[in-house]
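Here, each number is a calculation from the coordinates, and none is a lab measurement. Values in this document were obtained by computation on a predicted structure and should not be read as measured data. Cβ: placed from backbone, ideal geometry, glycine included. Neighbour counts: every protein chain shown.
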Amino acid sequence: MTAAARKLDRTLSALADPTRRRVVELLRERPRRAGELASAFRVSAPAMSRHLRVLRTRGLVEEERVDDDARVRVYRLRREPFDALSLWLRELEAFWSDQLESFGAHVARRRAESEKPR
């Protein structure tokens, strides 16, 4: 397995959880403090911390300490893993487009053959 494939697997694994996908949706709007994210989901700070740790260790978000206060962290999305995911999805879409084109051509040939006079 290539390094790119392993990174994609890590991204998909992190996004498999619905809460983490919703966190990503919120972070698309703007960077947010961990406490703000916990409040938005009505979960405890430790529960949100676990979700953020997964997103951070998979490289989807980065954290920044604010105003020299070690207790306050702001999370923001990182672009790179989403670019890689987007590329993979475009490749997958191209594959299926080719498959559907081939199927359409096959159906057209069969139709033309069945319409020939015998």
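A few points about this structure:
- Note on the range 3-115: semi-axes of the ellipsoid equivalent to its C-alpha gyration tensor, largest first and rounded to whole Å, are 43, 14, 11.
- 0 to 90° range, to nearest 10: angle between helix 79-115 axis and the chain longest Cα axis: 20
- For Thr57, Thr2, order by how many other beta-carbon atoms lie within 10 Å, fewest first: Thr2, Thr57
- Neighbour counts of C-beta atoms inside 10 Å place Leu85, Leu52 in the sequence Leu85, Leu52, starting with the fewest.
- Summed over qualifying helices (DSSP H, 4 residues or more, each -39500 (n - 2.57)) and divided by its residue number, the chain shows a 222 nm mean residue ellipticity of -23500 deg cm²/dmol.
- The angle between the Cα long axis of helix 45-57 and the main principal axis of the chain comes to about 50°, on a 0 to 90 degree scale.
- Cα long-axis angle, helix 18-29 against the chain (0 to 90 degrees, to the nearest 10): 80
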